[in-house]
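The structure under discussion appears below in the form of C-alpha coordinates.
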Amino acid sequence: MRNLSVAVSDGLVNFRLLCLGSVAEKVGRSISRCALEDLLNGCSHLEVLALMFDLSLYLRPGDGRIFGLVSDRLTHLELGHITSRMMTQLLTSTEISGQDSNRVTTSTVLQNVQRLRLSVDCITDAVVKAISKSLPSLIDLDIRDAPLEDPRQVSDLTDFGLHEINQNGKLKHLSLIRSQEFHPTYFRRVSDQGMLFLADKCLGMESICLGGFCRVTDAGFKTILHSCASLSKFSIYHGPKLTDLVFHDILATTLSLSHVSLRRCHLLTDHAIQKLASSLKLENLDLRGCRNLRDETLKAVSHLPKLKVLLLDGADISDTGLSYLKEGVLDSLVSLSVRGCRNLTDKFMSTLFDGSSKLALRELDLSNLPNLTDAAIFALAKSGAPITKLQLRECRLIGDASVMALASTRVYEDECPGSSLCLLDLYDCGGITQLSFKWLKKPFFPRLKWLGITGSVNRDIVDALARRRPHLQVSCRGEELGNDGEDDWDSADIHQHIEAQEDELEQWILGDEGDVEMEDAEDESEEDASEED
(Lines give C-alpha, C1' and ligand atoms only; values in the text may rest on other atoms or scores of the structure.)
Protein backbone atom coordinates (compact mmCIF):
# COMPACT_ATOMS: atom_id res chain seq x y z
CA MET A 1 0.00 0.00 0.00
CA ARG A 2 2.93 2.32 0.68
CA ASN A 3 4.19 1.96 -2.92
CA LEU A 4 0.70 2.56 -4.28
CA SER A 5 0.26 5.72 -2.25
CA VAL A 6 3.66 7.02 -3.43
CA ALA A 7 2.66 6.39 -7.05
CA VAL A 8 -0.58 8.25 -6.53
CA SER A 9 1.06 11.17 -4.78
CA ASP A 10 3.57 11.44 -7.64
CA GLY A 11 0.72 11.79 -10.07
CA LEU A 12 1.55 8.56 -11.92
CA VAL A 13 -2.03 7.30 -11.85
CA ASN A 14 -5.40 8.96 -12.21
CA PHE A 15 -7.82 6.40 -10.83
CA ARG A 16 -11.55 6.65 -11.35
CA LEU A 17 -12.24 3.32 -9.67
CA LEU A 18 -10.26 1.94 -6.76
CA CYS A 19 -11.01 -1.27 -4.87
CA LEU A 20 -8.50 -1.95 -2.11
CA GLY A 21 -8.30 -5.06 0.04
CA SER A 22 -5.83 -5.57 2.85
CA VAL A 23 -2.95 -7.99 2.57
CA ALA A 24 -1.54 -6.42 5.71
CA GLU A 25 -4.65 -7.41 7.63
CA LYS A 26 -4.14 -11.08 6.71
CA VAL A 27 -0.53 -11.19 7.90
CA GLY A 28 -1.06 -9.12 11.04
CA ARG A 29 0.68 -5.96 9.86
CA SER A 30 -0.58 -2.43 10.33
CA ILE A 31 -1.88 -0.14 7.60
CA SER A 32 -0.35 3.31 7.84
CA ARG A 33 -2.85 6.13 8.34
CA CYS A 34 -0.49 8.43 6.44
CA ALA A 35 -0.37 6.04 3.48
CA LEU A 36 -4.17 5.93 3.35
CA GLU A 37 -4.29 9.73 3.61
CA ASP A 38 -1.81 10.11 0.73
CA LEU A 39 -3.79 7.62 -1.33
CA LEU A 40 -7.09 9.44 -0.90
CA ASN A 41 -5.51 12.84 -1.37
CA GLY A 42 -3.82 11.81 -4.63
CA CYS A 43 -6.86 10.37 -6.40
CA SER A 44 -8.36 13.60 -7.66
CA HIS A 45 -10.53 11.89 -10.30
CA LEU A 46 -11.88 9.10 -8.13
CA GLU A 47 -15.53 8.19 -8.75
CA VAL A 48 -15.77 4.74 -7.14
CA LEU A 49 -13.98 3.83 -3.89
CA ALA A 50 -14.18 0.45 -2.14
CA LEU A 51 -12.04 -0.14 0.96
CA MET A 52 -12.71 -3.82 1.63
CA PHE A 53 -11.08 -4.23 5.03
CA ASP A 54 -11.79 -3.42 8.65
CA LEU A 55 -11.03 0.28 8.97
CA SER A 56 -11.62 0.20 12.72
CA LEU A 57 -8.39 -1.80 13.14
CA TYR A 58 -6.22 0.95 11.69
CA LEU A 59 -7.99 4.26 12.26
CA ARG A 60 -8.66 6.03 15.53
CA PRO A 61 -12.11 7.52 16.17
CA GLY A 62 -10.97 10.99 15.10
CA ASP A 63 -9.34 9.80 11.89
CA GLY A 64 -12.61 9.76 9.96
CA ARG A 65 -11.87 13.30 8.78
CA ILE A 66 -9.30 11.96 6.32
CA PHE A 67 -12.22 11.09 4.06
CA GLY A 68 -12.52 14.82 3.54
CA LEU A 69 -9.57 14.36 1.16
CA VAL A 70 -11.59 12.20 -1.22
CA SER A 71 -12.42 13.57 -4.64
CA ASP A 72 -15.69 15.48 -4.79
CA ARG A 73 -16.44 13.45 -7.94
CA LEU A 74 -17.02 10.36 -5.80
CA THR A 75 -20.41 8.74 -6.52
CA HIS A 76 -19.95 5.21 -5.08
CA LEU A 77 -18.48 4.42 -1.65
CA GLU A 78 -18.16 0.97 -0.10
CA LEU A 79 -16.49 0.23 3.24
CA GLY A 80 -15.74 -3.32 4.34
CA HIS A 81 -16.22 -2.57 8.05
CA ILE A 82 -16.33 0.54 10.17
CA THR A 83 -17.78 1.35 13.58
CA SER A 84 -20.98 3.36 13.72
CA ARG A 85 -19.24 5.94 15.88
CA MET A 86 -16.46 6.43 13.33
CA MET A 87 -18.91 6.58 10.44
CA THR A 88 -20.95 9.23 12.22
CA GLN A 89 -17.81 11.27 12.90
CA LEU A 90 -16.70 10.79 9.30
CA LEU A 91 -19.89 12.42 8.05
CA THR A 92 -20.03 15.23 10.58
CA SER A 93 -16.34 16.10 11.13
CA THR A 94 -15.12 19.64 10.41
CA GLU A 95 -11.61 20.92 9.67
CA ILE A 96 -10.03 24.36 9.37
CA SER A 97 -8.41 24.78 5.96
CA GLY A 98 -5.81 27.41 5.04
CA GLN A 99 -5.43 30.99 6.22
CA ASP A 100 -9.02 31.78 5.32
CA SER A 101 -10.16 29.42 8.05
CA ASN A 102 -12.73 27.92 5.72
CA ARG A 103 -14.77 25.20 7.38
CA VAL A 104 -14.53 22.04 5.29
CA THR A 105 -16.80 19.14 6.23
CA THR A 106 -16.46 15.60 4.97
CA SER A 107 -20.13 15.67 4.03
CA THR A 108 -19.41 18.56 1.64
CA VAL A 109 -16.88 16.37 -0.18
CA LEU A 110 -19.26 13.41 -0.22
CA GLN A 111 -22.29 15.36 -1.34
CA ASN A 112 -22.29 13.66 -4.76
CA VAL A 113 -22.23 10.12 -3.38
CA GLN A 114 -25.20 8.24 -4.83
CA ARG A 115 -24.46 4.72 -3.58
CA LEU A 116 -23.26 3.79 -0.09
CA ARG A 117 -22.57 0.25 1.07
CA LEU A 118 -21.07 -0.47 4.46
CA SER A 119 -20.88 -2.94 7.30
CA VAL A 120 -20.89 -1.52 10.83
CA ASP A 121 -20.67 -2.99 14.31
CA CYS A 122 -24.21 -1.85 15.12
CA ILE A 123 -26.74 0.17 13.14
CA THR A 124 -27.90 3.11 15.28
CA ASP A 125 -30.26 6.05 15.00
CA ALA A 126 -27.24 8.37 14.98
CA VAL A 127 -25.51 6.80 11.98
CA VAL A 128 -28.76 6.61 9.99
CA LYS A 129 -29.46 10.28 10.72
CA ALA A 130 -25.91 11.29 9.76
CA ILE A 131 -26.12 9.43 6.45
CA SER A 132 -29.50 10.91 5.57
CA LYS A 133 -28.46 14.45 6.47
CA SER A 134 -24.95 14.45 5.00
CA LEU A 135 -25.48 12.63 1.68
CA PRO A 136 -28.14 14.62 -0.20
CA SER A 137 -27.61 12.79 -3.51
CA LEU A 138 -27.98 9.29 -2.06
CA ILE A 139 -30.01 6.91 -4.24
CA ASP A 140 -28.83 3.50 -2.98
CA LEU A 141 -28.19 2.72 0.71
CA ASP A 142 -27.03 -0.73 1.84
CA ILE A 143 -26.05 -0.97 5.50
CA ARG A 144 -25.76 -4.10 7.62
CA ASP A 145 -24.44 -5.15 11.00
CA ALA A 146 -23.69 -8.32 12.99
CA PRO A 147 -23.57 -7.39 16.69
CA LEU A 148 -21.62 -9.52 19.14
CA GLU A 149 -24.30 -8.96 21.79
CA ASP A 150 -27.72 -7.36 22.15
CA PRO A 151 -27.27 -3.59 21.72
CA ARG A 152 -28.38 -1.17 24.41
CA GLN A 153 -31.23 1.20 23.58
CA VAL A 154 -28.94 4.21 23.26
CA SER A 155 -26.84 2.39 20.66
CA ASP A 156 -29.47 0.70 18.53
CA LEU A 157 -31.88 1.41 15.72
CA THR A 158 -35.39 2.44 16.79
CA ASP A 159 -38.59 3.65 15.16
CA PHE A 160 -37.24 7.18 15.32
CA GLY A 161 -34.16 6.18 13.32
CA LEU A 162 -36.36 4.90 10.48
CA HIS A 163 -38.11 8.26 10.52
CA GLU A 164 -34.78 9.89 9.59
CA ILE A 165 -34.26 7.84 6.42
CA ASN A 166 -34.55 9.54 3.02
CA GLN A 167 -34.91 13.10 4.23
CA ASN A 168 -34.00 14.32 0.74
CA GLY A 169 -36.53 12.06 -0.99
CA LYS A 170 -34.12 10.67 -3.62
CA LEU A 171 -33.61 7.17 -2.23
CA LYS A 172 -34.63 4.37 -4.63
CA HIS A 173 -32.93 1.33 -3.07
CA LEU A 174 -32.73 0.54 0.64
CA SER A 175 -31.21 -2.45 2.45
CA LEU A 176 -31.13 -2.67 6.26
CA ILE A 177 -29.97 -6.05 7.55
CA ARG A 178 -29.03 -7.33 11.00
CA SER A 179 -27.14 -10.60 10.67
CA GLN A 180 -27.14 -13.37 13.26
CA GLU A 181 -23.64 -14.44 12.23
CA PHE A 182 -22.13 -13.95 15.70
CA HIS A 183 -25.12 -13.59 18.01
CA PRO A 184 -28.89 -14.26 17.73
CA THR A 185 -29.91 -10.62 17.87
CA TYR A 186 -32.60 -8.60 16.08
CA PHE A 187 -33.87 -5.04 15.71
CA ARG A 188 -35.89 -5.37 18.92
CA ARG A 189 -36.68 -1.64 19.16
CA VAL A 190 -38.34 -1.30 15.76
CA SER A 191 -42.09 -1.93 15.57
CA ASP A 192 -44.88 -1.48 13.05
CA GLN A 193 -44.76 2.24 13.87
CA GLY A 194 -41.26 2.39 12.39
CA MET A 195 -42.54 0.78 9.18
CA LEU A 196 -45.21 3.52 9.01
CA PHE A 197 -42.49 6.16 9.27
CA LEU A 198 -40.42 4.39 6.60
CA ALA A 199 -43.33 3.98 4.20
CA ASP A 200 -44.17 7.68 4.51
CA LYS A 201 -40.61 8.64 3.51
CA CYS A 202 -40.12 6.05 0.78
CA LEU A 203 -43.10 6.35 -1.52
CA GLY A 204 -40.87 6.28 -4.61
CA MET A 205 -38.75 3.32 -3.50
CA GLU A 206 -37.98 0.65 -6.12
CA SER A 207 -36.33 -1.99 -3.93
CA ILE A 208 -36.45 -2.66 -0.18
CA CYS A 209 -34.57 -5.32 1.77
CA LEU A 210 -35.20 -5.66 5.52
CA GLY A 211 -33.54 -8.28 7.70
CA GLY A 212 -33.89 -9.07 11.39
CA PHE A 213 -36.99 -7.03 12.25
CA CYS A 214 -38.46 -9.46 14.78
CA ARG A 215 -41.22 -7.17 16.17
CA VAL A 216 -42.66 -6.09 12.85
CA THR A 217 -45.93 -7.86 12.05
CA ASP A 218 -48.04 -8.24 8.92
CA ALA A 219 -49.43 -4.74 9.44
CA GLY A 220 -45.99 -3.14 9.16
CA PHE A 221 -44.88 -5.10 6.09
CA LYS A 222 -48.24 -4.53 4.36
CA THR A 223 -47.80 -0.80 4.86
CA ILE A 224 -44.59 -0.96 2.82
CA LEU A 225 -46.18 -3.02 0.04
CA HIS A 226 -49.27 -0.83 -0.25
CA SER A 227 -47.43 2.51 -0.02
CA CYS A 228 -44.52 2.02 -2.43
CA ALA A 229 -46.23 1.88 -5.81
CA SER A 230 -42.95 1.66 -7.74
CA LEU A 231 -41.60 -1.29 -5.75
CA SER A 232 -40.18 -4.09 -7.93
CA LYS A 233 -37.88 -5.84 -5.45
CA PHE A 234 -39.11 -6.84 -1.98
CA SER A 235 -36.96 -8.83 0.45
CA ILE A 236 -37.55 -9.88 4.04
CA TYR A 237 -34.94 -11.91 5.93
CA HIS A 238 -35.64 -13.48 9.33
CA GLY A 239 -39.21 -12.22 9.63
CA PRO A 240 -40.58 -14.40 12.47
CA LYS A 241 -43.97 -12.61 12.53
CA LEU A 242 -44.59 -12.41 8.79
CA THR A 243 -47.54 -14.59 7.70
CA ASP A 244 -49.69 -15.24 4.63
CA LEU A 245 -51.83 -12.20 5.46
CA VAL A 246 -49.16 -9.86 4.08
CA PHE A 247 -50.00 -10.99 0.55
CA HIS A 248 -53.71 -11.68 1.05
CA ASP A 249 -54.90 -8.61 -0.90
CA ILE A 250 -51.81 -7.98 -3.03
CA LEU A 251 -54.03 -7.94 -6.12
CA ALA A 252 -55.50 -4.69 -4.79
CA THR A 253 -52.13 -2.97 -5.31
CA THR A 254 -50.55 -1.73 -8.53
CA LEU A 255 -47.27 -3.48 -7.74
CA SER A 256 -45.27 -5.19 -10.47
CA LEU A 257 -42.84 -7.28 -8.44
CA SER A 258 -39.96 -8.93 -10.28
CA HIS A 259 -37.80 -10.03 -7.31
CA VAL A 260 -39.21 -11.39 -4.04
CA SER A 261 -37.11 -12.89 -1.25
CA LEU A 262 -38.69 -14.26 1.95
CA ARG A 263 -35.82 -16.13 3.54
CA ARG A 264 -36.42 -17.82 6.89
CA CYS A 265 -40.00 -16.64 7.20
CA HIS A 266 -41.19 -19.82 8.88
CA LEU A 267 -44.89 -18.97 9.14
CA LEU A 268 -45.47 -18.69 5.39
CA THR A 269 -47.53 -21.40 3.68
CA ASP A 270 -48.54 -22.29 0.13
CA HIS A 271 -51.40 -19.77 0.31
CA ALA A 272 -48.96 -16.81 0.36
CA ILE A 273 -47.07 -18.06 -2.69
CA GLN A 274 -50.32 -18.64 -4.59
CA LYS A 275 -51.14 -14.97 -4.05
CA LEU A 276 -47.63 -13.87 -5.03
CA ALA A 277 -47.77 -15.93 -8.21
CA SER A 278 -50.50 -13.62 -9.46
CA SER A 279 -47.62 -11.27 -10.36
CA LEU A 280 -46.70 -12.82 -13.69
CA LYS A 281 -43.58 -10.64 -13.96
CA LEU A 282 -41.76 -12.49 -11.16
CA GLU A 283 -38.21 -13.34 -12.23
CA ASN A 284 -36.52 -14.15 -8.93
CA LEU A 285 -38.20 -16.01 -6.04
CA ASP A 286 -36.10 -16.80 -2.96
CA LEU A 287 -37.94 -18.97 -0.41
CA ARG A 288 -34.97 -20.46 1.40
CA GLY A 289 -35.76 -21.58 4.91
CA CYS A 290 -39.56 -21.43 4.50
CA ARG A 291 -40.06 -24.94 5.82
CA ASN A 292 -43.87 -25.02 5.65
CA LEU A 293 -44.02 -24.72 1.86
CA ARG A 294 -45.22 -27.84 0.06
CA ASP A 295 -46.04 -29.03 -3.45
CA GLU A 296 -48.85 -26.49 -3.93
CA THR A 297 -46.19 -23.78 -4.00
CA LEU A 298 -44.52 -25.43 -6.97
CA LYS A 299 -47.83 -25.80 -8.77
CA ALA A 300 -48.41 -22.06 -8.32
CA VAL A 301 -44.99 -20.91 -9.57
CA SER A 302 -44.93 -23.38 -12.48
CA HIS A 303 -47.06 -20.94 -14.51
CA LEU A 304 -44.73 -17.93 -14.12
CA PRO A 305 -43.45 -17.31 -17.68
CA LYS A 306 -40.45 -15.13 -16.73
CA LEU A 307 -39.16 -16.96 -13.64
CA LYS A 308 -35.38 -17.36 -13.80
CA VAL A 309 -34.35 -18.02 -10.20
CA LEU A 310 -36.15 -20.35 -7.77
CA LEU A 311 -34.57 -21.10 -4.39
CA LEU A 312 -36.43 -23.60 -2.18
CA ASP A 313 -33.88 -24.68 0.42
CA GLY A 314 -35.46 -26.66 3.28
CA ALA A 315 -38.99 -26.70 1.86
CA ASP A 316 -41.27 -29.70 2.48
CA ILE A 317 -41.57 -30.59 -1.22
CA SER A 318 -41.59 -33.94 -3.03
CA ASP A 319 -40.62 -35.39 -6.39
CA THR A 320 -44.21 -34.92 -7.54
CA GLY A 321 -44.09 -31.21 -6.70
CA LEU A 322 -40.94 -30.61 -8.73
CA SER A 323 -42.50 -32.40 -11.69
CA TYR A 324 -44.91 -29.43 -11.95
CA LEU A 325 -41.97 -27.28 -13.11
CA LYS A 326 -41.76 -29.40 -16.22
CA GLU A 327 -45.07 -27.95 -17.41
CA GLY A 328 -43.67 -24.54 -18.31
CA VAL A 329 -41.32 -22.66 -16.01
CA LEU A 330 -38.40 -25.05 -16.57
CA ASP A 331 -37.86 -23.55 -20.03
CA SER A 332 -36.99 -20.14 -18.53
CA LEU A 333 -35.41 -21.23 -15.21
CA VAL A 334 -31.69 -20.43 -14.94
CA SER A 335 -31.06 -21.21 -11.26
CA LEU A 336 -32.73 -23.85 -9.07
CA SER A 337 -31.87 -24.74 -5.48
CA VAL A 338 -33.49 -27.57 -3.52
CA ARG A 339 -30.79 -27.83 -0.85
CA GLY A 340 -31.96 -29.67 2.24
CA CYS A 341 -35.31 -30.75 0.76
CA ARG A 342 -34.92 -34.14 2.34
CA ASN A 343 -37.98 -35.83 0.79
CA LEU A 344 -36.49 -35.73 -2.70
CA THR A 345 -35.10 -38.78 -4.50
CA ASP A 346 -33.51 -39.54 -7.87
CA LYS A 347 -36.96 -39.58 -9.45
CA PHE A 348 -37.29 -35.78 -9.77
CA MET A 349 -33.96 -35.59 -11.63
CA SER A 350 -35.10 -38.21 -14.12
CA THR A 351 -38.30 -36.25 -14.67
CA LEU A 352 -36.72 -32.81 -15.08
CA PHE A 353 -33.75 -33.96 -17.17
CA ASP A 354 -35.34 -36.49 -19.50
CA GLY A 355 -33.93 -34.74 -22.58
CA SER A 356 -37.35 -33.90 -23.99
CA SER A 357 -36.75 -30.14 -24.07
CA LYS A 358 -33.92 -27.62 -24.30
CA LEU A 359 -33.15 -26.27 -20.83
CA ALA A 360 -31.89 -22.81 -19.86
CA LEU A 361 -30.73 -24.08 -16.45
CA ARG A 362 -27.19 -23.03 -15.47
CA GLU A 363 -27.08 -23.30 -11.67
CA LEU A 364 -28.26 -26.31 -9.68
CA ASP A 365 -27.92 -26.83 -5.93
CA LEU A 366 -28.66 -30.40 -4.81
CA SER A 367 -26.78 -30.24 -1.51
CA ASN A 368 -27.83 -32.19 1.57
CA LEU A 369 -30.23 -34.57 -0.18
CA PRO A 370 -29.80 -37.87 1.71
CA ASN A 371 -31.59 -39.97 -0.94
CA LEU A 372 -29.74 -38.62 -3.98
CA THR A 373 -27.50 -41.18 -5.73
CA ASP A 374 -25.17 -41.36 -8.73
CA ALA A 375 -28.17 -42.28 -10.89
CA ALA A 376 -29.46 -38.70 -10.58
CA ILE A 377 -26.16 -37.30 -11.87
CA PHE A 378 -26.20 -39.79 -14.75
CA ALA A 379 -29.59 -38.39 -15.78
CA LEU A 380 -28.19 -34.84 -15.59
CA ALA A 381 -25.12 -35.68 -17.65
CA LYS A 382 -27.15 -37.54 -20.24
CA SER A 383 -29.64 -34.68 -20.66
CA GLY A 384 -27.06 -32.25 -22.03
CA ALA A 385 -28.16 -29.46 -19.67
CA PRO A 386 -25.51 -26.68 -19.86
CA ILE A 387 -24.87 -26.54 -16.11
CA THR A 388 -22.08 -24.19 -15.02
CA LYS A 389 -22.58 -24.40 -11.25
CA LEU A 390 -23.36 -27.71 -9.53
CA GLN A 391 -23.44 -28.15 -5.76
CA LEU A 392 -23.63 -31.67 -4.31
CA ARG A 393 -22.18 -31.06 -0.86
CA GLU A 394 -23.24 -33.40 1.96
CA CYS A 395 -24.88 -35.91 -0.41
CA ARG A 396 -23.61 -39.06 1.24
CA LEU A 397 -24.57 -41.40 -1.62
CA ILE A 398 -22.77 -39.44 -4.35
CA GLY A 399 -19.46 -40.99 -5.36
CA ASP A 400 -16.75 -41.40 -8.00
CA ALA A 401 -19.18 -42.48 -10.71
CA SER A 402 -20.82 -39.04 -10.64
CA VAL A 403 -17.48 -37.30 -11.19
CA MET A 404 -16.71 -39.60 -14.12
CA ALA A 405 -20.10 -38.95 -15.70
CA LEU A 406 -19.72 -35.16 -15.34
CA ALA A 407 -16.17 -35.26 -16.71
CA SER A 408 -17.38 -37.17 -19.75
CA THR A 409 -20.02 -34.67 -20.87
CA ARG A 410 -19.35 -32.55 -23.94
CA VAL A 411 -19.61 -28.82 -24.56
CA TYR A 412 -17.96 -27.02 -27.46
CA GLU A 413 -17.26 -23.35 -26.94
CA ASP A 414 -14.35 -21.50 -28.55
CA GLU A 415 -13.04 -24.82 -29.82
CA CYS A 416 -12.58 -26.04 -26.24
CA PRO A 417 -14.36 -29.38 -25.70
CA GLY A 418 -15.30 -30.63 -22.26
CA SER A 419 -17.61 -30.12 -19.33
CA SER A 420 -19.35 -26.75 -18.97
CA LEU A 421 -18.92 -26.71 -15.19
CA CYS A 422 -17.24 -23.64 -13.68
CA LEU A 423 -18.06 -24.64 -10.10
CA LEU A 424 -18.35 -28.15 -8.62
CA ASP A 425 -18.92 -28.65 -4.90
CA LEU A 426 -18.37 -32.22 -3.69
CA TYR A 427 -17.63 -31.42 -0.07
CA ASP A 428 -18.53 -34.28 2.29
CA CYS A 429 -19.89 -36.53 -0.46
CA GLY A 430 -19.59 -39.97 1.09
CA GLY A 431 -18.52 -41.93 -2.00
CA ILE A 432 -15.68 -39.70 -3.23
CA THR A 433 -12.28 -41.42 -3.16
CA GLN A 434 -8.88 -40.72 -4.71
CA LEU A 435 -10.23 -42.31 -7.90
CA SER A 436 -12.14 -39.08 -8.60
CA PHE A 437 -8.98 -36.99 -8.70
CA LYS A 438 -7.76 -38.38 -12.01
CA TRP A 439 -10.98 -37.08 -13.57
CA LEU A 440 -10.44 -33.65 -11.98
CA LYS A 441 -7.08 -33.22 -13.71
CA LYS A 442 -6.63 -31.64 -17.12
CA PRO A 443 -7.96 -32.04 -19.78
CA PHE A 444 -11.20 -32.76 -17.94
CA PHE A 445 -13.35 -29.89 -16.66
CA PRO A 446 -11.49 -27.24 -18.74
CA ARG A 447 -13.63 -24.36 -17.41
CA LEU A 448 -13.54 -25.34 -13.74
CA LYS A 449 -12.63 -22.43 -11.43
CA TRP A 450 -13.98 -23.54 -8.04
CA LEU A 451 -13.84 -27.03 -6.54
CA GLY A 452 -15.11 -28.09 -3.13
CA ILE A 453 -13.76 -31.38 -1.81
CA THR A 454 -13.12 -33.10 1.50
CA GLY A 455 -9.41 -32.71 2.17
CA SER A 456 -9.21 -35.83 4.32
CA VAL A 457 -9.77 -38.02 1.23
CA ASN A 458 -6.05 -37.72 0.44
CA ARG A 459 -4.35 -34.48 1.33
CA ASP A 460 -1.29 -35.13 -0.85
CA ILE A 461 -3.40 -35.64 -3.97
CA VAL A 462 -5.51 -32.56 -3.14
CA ASP A 463 -2.34 -30.46 -2.88
CA ALA A 464 -0.96 -31.96 -6.09
CA LEU A 465 -4.19 -31.08 -7.91
CA ALA A 466 -3.98 -27.49 -6.69
CA ARG A 467 -0.41 -27.24 -8.02
CA ARG A 468 -1.29 -28.79 -11.37
CA ARG A 469 -4.22 -26.40 -11.83
CA PRO A 470 -3.03 -23.08 -10.33
CA HIS A 471 -6.10 -21.18 -11.52
CA LEU A 472 -8.45 -23.62 -9.78
CA GLN A 473 -9.58 -22.56 -6.31
CA VAL A 474 -9.73 -25.75 -4.24
CA SER A 475 -11.62 -25.59 -0.94
CA CYS A 476 -11.29 -28.40 1.59
CA ARG A 477 -12.91 -26.83 4.67
CA GLY A 478 -16.54 -26.63 3.65
CA GLU A 479 -16.62 -22.97 2.60
CA GLU A 480 -19.39 -21.89 0.25
CA LEU A 481 -17.92 -21.41 -3.20
CA GLY A 482 -18.28 -18.80 -5.91
CA ASN A 483 -19.96 -16.08 -3.84
CA ASP A 484 -17.56 -13.29 -4.81
CA GLY A 485 -19.65 -12.25 -7.81
CA GLU A 486 -16.70 -12.31 -10.22
CA ASP A 487 -18.57 -14.46 -12.73
CA ASP A 488 -22.05 -13.84 -14.06
CA TRP A 489 -23.38 -17.35 -14.29
CA ASP A 490 -26.51 -16.24 -16.11
CA SER A 491 -24.53 -14.72 -18.94
CA ALA A 492 -22.96 -17.99 -19.99
CA ASP A 493 -23.94 -19.00 -23.50
CA ILE A 494 -22.85 -22.61 -23.71
CA HIS A 495 -24.15 -25.01 -26.33
CA GLN A 496 -23.89 -28.63 -25.30
CA HIS A 497 -23.42 -31.41 -27.82
CA ILE A 498 -23.46 -35.12 -26.96
CA GLU A 499 -21.09 -37.08 -29.15
CA ALA A 500 -21.99 -40.56 -30.37
CA GLN A 501 -18.36 -41.60 -30.20
CA GLU A 502 -16.81 -43.50 -27.29
CA ASP A 503 -16.21 -41.10 -24.37
CA GLU A 504 -13.79 -41.14 -21.43
CA LEU A 505 -16.23 -42.96 -19.16
CA GLU A 506 -16.51 -45.81 -21.63
CA GLN A 507 -12.73 -45.88 -22.01
CA TRP A 508 -12.32 -46.16 -18.27
CA ILE A 509 -14.83 -49.02 -18.15
CA LEU A 510 -12.86 -50.77 -20.93
CA GLY A 511 -9.74 -50.30 -18.82
CA ASP A 512 -7.19 -48.60 -21.07
CA GLU A 513 -5.94 -45.06 -20.38
CA GLY A 514 -7.74 -44.77 -17.05
CA ASP A 515 -5.31 -47.14 -15.37
CA VAL A 516 -2.33 -45.20 -16.70
CA GLU A 517 -3.71 -41.87 -15.46
CA MET A 518 -4.39 -43.29 -12.01
CA GLU A 519 -0.84 -44.62 -11.75
CA ASP A 520 0.51 -41.19 -12.71
CA ALA A 521 -1.56 -39.56 -9.96
CA GLU A 522 -0.32 -42.03 -7.38
CA ASP A 523 3.29 -41.56 -8.51
CA GLU A 524 2.97 -37.77 -8.21
CA SER A 525 1.60 -38.16 -4.70
CA GLU A 526 4.50 -40.40 -3.68
CA GLU A 527 7.08 -38.04 -5.24
CA ASP A 528 5.59 -35.03 -3.43
CA ALA A 529 5.67 -36.91 -0.14
CA SER A 530 9.35 -37.91 -0.61
CA GLU A 531 10.33 -34.32 -1.50
CA GLU A 532 8.73 -33.02 1.68
CA ASP A 533 10.64 -35.65 3.72
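So the values come out like this:
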| read-out | value |
| --- | --- |
| Unmet requirement for R339, which otherwise passes all of (1) assigned to a helix (DSSP H, G or I); (2) open to solvent by 20 Å² or more (accessible area, probe 1.4 Å) | (1) |
| Every residue from segment 345-404 that is closer than 21 Å to V329 by Cβ and among the charged types (D, E, K, R) | K347, D354, K358, R362, E363, D365, K389 |
| Test: residue in segment 455-463 that is assigned to a helix (DSSP H, G or I), within 23 Å of L369 (Cα to Cα), of a type outside the set (A, V, I, L, M) and at pLDDT 90 or above | no |
| Candidate set from segment 34-57 (those that are buried (at least 17 other Cβ atoms within 10 Å of the Cβ) and touching a Lys or Arg at 6+ places or on another chain (Cβ under 7 Å)); member that is farthest from R144 (Cα to Cα) | A35 |
| Enumeration of residues in segment 261-277 that are part of a loop (DSSP other than H, G, I, E, B) and either of a type outside the set (K, R) or surrounded by fewer than 16 Cβ atoms within 10 Å (Cβ to Cβ) (or both) | L262, C265, H266, L267, L268, T269, A277 |
| Residue list for segment 114-156, restricted to those being part of a helix (DSSP H, G or I) and either open to solvent by 20 Å² or more (accessible area, probe 1.4 Å) or basic (K, R) (or both) | D125, A126, K129, K133, Q153, V154, S155 |
| For Q111: the one exception among (1) at pLDDT below 90; (2) open to solvent by less than 30 Å² (accessible area, probe 1.4 Å) | (2) |
| Unique residue being more than 24 Å from L325 (Cα to Cα) and small (G, A, S) when the list is S258, S278, S227 | S227 |
| Subset of segment 180-190 (residues that are in contact with a Ser or Thr (Cβ under 9 Å, 6 or more places away or on another chain) and open to solvent by 20 Å² or more (accessible area, probe 1.4 Å)) | R189 |
| Verdict on G169 being surrounded by fewer than 16 Cβ atoms within 10 Å (Cβ to Cβ), within 25 Å of L77 (Cα to Cα) and not charged (D, E, K, R) | yes |
| Criterion: farther than 20 Å from C341 by Cβ, aliphatic (A, V, I, L, M), in contact with a helix residue (DSSP H, G or I) (Cβ under 6 Å, 6 or more places away or on another chain) and not in a strand (DSSP E or B) - qualifying residue of L255, L251, L245, L304 | L245 |
| Members of segment 198-224 found to be surrounded by fewer than 19 Cβ atoms within 10 Å (Cβ to Cβ), more than 12 Å from K172 (Cα to Cα) and among the hydrophobic types (A, V, I, L, M, F, W, C), listed by number | C214, A219 |
| Filter result (under 17 Å from V260 (Cβ atoms) and surrounded by fewer than 19 Cβ atoms within 10 Å (Cβ to Cβ)) within segment 310-333 | S332 |
| Extreme residue, farthest from D286 (Cα to Cα), among residues of segment 234-255 that are open to solvent by less than 50 Å² (accessible area, probe 1.4 Å) and small (G, A, S) | G239 |
| Residue within segment 203-211 that is within 22 Å of L311 (Cβ to Cβ), at pLDDT 95 or above and part of a loop (DSSP other than H, G, I, E, B) present | yes |
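Per-residue answers, yes or no, for (1) within 22 Å of I250 (Cα to Cα); (2) at pLDDT 95 or above; (3) within 25 Å of the chain's Cα centre (by Cα):
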{"residue": "L285", "(1), (2), (3)": "yes, yes, yes"}
{"residue": "T297", "(1), (2), (3)": "yes, yes, yes"}
{"residue": "G314", "(1), (2), (3)": "no, yes, yes"}
{"residue": "S318", "(1), (2), (3)": "no, yes, no"}
{"residue": "E327", "(1), (2), (3)": "no, no, no"}
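Results for (1) among the hydroxyl-bearing types (S, T, Y); (2) touching a residue at least 24 places away in the same chain (Cβ under 8 Å); (3) surrounded by 20 or more Cβ atoms within 10 Å (Cβ to Cβ), shown as yes or no for each residue.
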site	(1), (2), (3)
K382	no, yes, no
K389	no, yes, yes
I398	no, yes, yes
L426	no, yes, yes
F437	no, yes, yes
P446	no, yes, no
L451	no, yes, yes
R459	no, no, no
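The values are calculated or read from the model by the stated rules, or taken from the named source; none is laboratory data. Quantities reported herein were computed from a predicted structural model and do not represent experimental measurements. Here Cβ is always computed from backbone atoms with ideal geometry, including for glycine, and neighbour counts include all displayed protein chains. When the accessible area is computed, the model is the full protein with side chains, heavy atoms only, and any ligands, DNA or RNA have been set aside. Shrake-Rupley method; radii C 1.70, N 1.55, O 1.52, S 1.80 Å.
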